[in-house]
1. I'm checking my understanding of the structure. Among residues of the range 225-251 that are within 23 Å of ARG168 (Cα to Cα) and more than 14 Å from the chain's Cα centre (by Cα), which one is surrounded by the fewest Cβ atoms within 10 Å (Cβ to Cβ)?
2. Within the range 222-243, does at least one residue satisfy the condition of being out of contact with any helix residue (DSSP H, G or I) (no Cβ under 9 Å at 6 or more places or on another chain) and under 18 Å from ASN44 (Cβ atoms)?
3. Wholly within the range 153-272, which helices (runs of 4 or more DSSP H) include no fewer than the required count, namely at least 1 residues that are among the small types (Gly, Ala, Ser) and under 30 Å from GLU5 (Cα atoms)?
4. Yes or no: the range 6-20 includes at least one residue that is part of a loop (DSSP other than H, G, I, E, B), in contact (Cβ under 8 Å) with a residue 24 or more places away in the chain and out of contact with any Cys (no Cβ under 7 Å at 6 or more places or on another chain).
5. Inside the range 102-152, can you point out the residues that are under 12 Å from the mean Cα position of the chain (by Cα), of a type outside the set (A, V, I, L, M), outside any helix (DSSP H, G or I) and modelled with pLDDT under 90?
6. Scanning the range 180-224 for residues that are under 16 Å from LEU161 (Cβ atoms) and among the charged types (D, E, K, R), which turns out surrounded by the fewest Cβ atoms within 10 Å (Cβ to Cβ)?
7. Looking at the range 192-215, which of its residues are at pLDDT 95 or above and among the polar types (S, T, N, Q)?
8. Can you tell me which of (1) more than 21 Å from the chain's Cα centre (by Cα); (2) surrounded by fewer than 16 Cβ atoms within 10 Å (Cβ to Cβ) is the one CYS24 doesn't meet?
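The values are calculated or read from the model by the stated rules, or taken from the named source; none is laboratory data. This one's a predicted model, so the numbers in the text were calculated from it and none came from an experiment. We place every Cβ from the backbone using ideal geometry, glycine too, and count neighbours over all the protein chains shown.
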Amino acid sequence: MKINEKCLPCLINQVIKVANITNCSNRDDLYHQVFEQLSKIDFNKSNPEIIGMIFELVKKHLNNEDPYQEIRQYYNNLFLQSYDDFDKKINSFKTAIKYAIIGNIIDFSPINNQEITKIDDWFDNIDNLSLTIDHVDKLINDIKKAKTILYLGDNCGEICLDKLLLKRIKQLNPSLKIYFGVRGKPVVNDSIESDAYEVDIDEYASIISNGDNSLGTILSRTSAQFNQIYQNCDFVIAKGQANFESLSEENKKIYFLLMVKCDVIAKYINVPEKSLVCYCK
C-alpha cells in the first residue's frame, strides 16, 4: 500500500527518537538532510520502503550501522528469560497466535511508545483477549496441508514469541519446511539474522535474510534467494504492520498477524485501533 500523508509525522518522530537514543550531535544538519530527502518522496512507494531509505541516511550521519543494537539485545534477552514460563501457559494453537501477536507490541515507533510499557498487562489478560479478525482455523488447515512456508519476523524480543508459535506449527506438521525471514540490514529495532540465531529460531526454521534494509518486505528490493523462497512456498505468515503495508496488495496467500497500531491501517482493514488480527487476504 502507498504511503499515507498521516505517516509523515511518525516518520519524522522516528528520526527524532533515534537522535535522542544515540545522543546525536549536529542534529540540525541531520534534520536538514532528512527533510531534503523527504522533499523527493515518491508517494507511490510504501511507508516501510521510505523509512528504510531515511534510516540509511540517519545511520550514515551517525556513523553507526546499528543504532538499536543494544536495545535489540536487551529485549531478546528479556523475553528469552520468560520463554519457558510462556511456553507452559500456552494451551492451544490460538493462544500461541495471541502470544505472537502481542509480541508485536515490542515496537519503537512513536505511535507505540505507550503500549510497550503495558505489555505485561496484555500478557496477564491474554485469556480474555479475542481476535478482531480470526482466520486461525483456516491457518491450521493450511499448515497441515503445506510442505513449505515462509514466516516473516518483525521486531526484536517479539521473535521469542514467534519461536513459541513456530514450535506449535511444527507440532501440527512435523515434516513442514519453515523458512524464517529477517531484514537484510539493521533498520530501527527490526530483527536481523544475528537476532534470530541469538534466540535459536533455527531450532524450528531455516533463517533467511531478505537482503534488504527496508522496514517491511519490499519484493522488488529483496534478494533472488529470498524471492525464490517467497514464490515457491505454499503460503506466508507475515508479522507486523510494516510487512502488512508492504505485502497487502501482493497476489499471494499471506496470513498477517499483527496488532493494529494506527488509524491508517485500522481504516484499511476496517477494524478498531489496537485490534489483534490473524487475517488472510
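1. ASN232
2. No, every residue in the range 222-243 fails to be out of contact with any helix residue (DSSP H, G or I) (no Cβ under 9 Å at 6 or more places or on another chain) and under 18 Å from ASN44 (Cβ atoms).
3. Numbers: elements: 158-172, 193-198, 224-232, 240-247, 263-269.
Of the helices (runs of 4 or more DSSP H) lying wholly inside the range 153-272, those with at least 1 residues that are among the small types (Gly, Ala, Ser) and under 30 Å from GLU5 (Cα atoms) span 240-247, 263-269.
4. Yes; the residues of the range 6-20 include at least one that is part of a loop (DSSP other than H, G, I, E, B), in contact (Cβ under 8 Å) with a residue 24 or more places away in the chain and out of contact with any Cys (no Cβ under 7 Å at 6 or more places or on another chain).
5. Correct list: ASP107, PHE108, SER109.
6. Checking each candidate, the answer is GLU203.
7. Selection gives SER194, SER206, SER209, ASN210.
8. Condition (2) is where CYS24 drops out.
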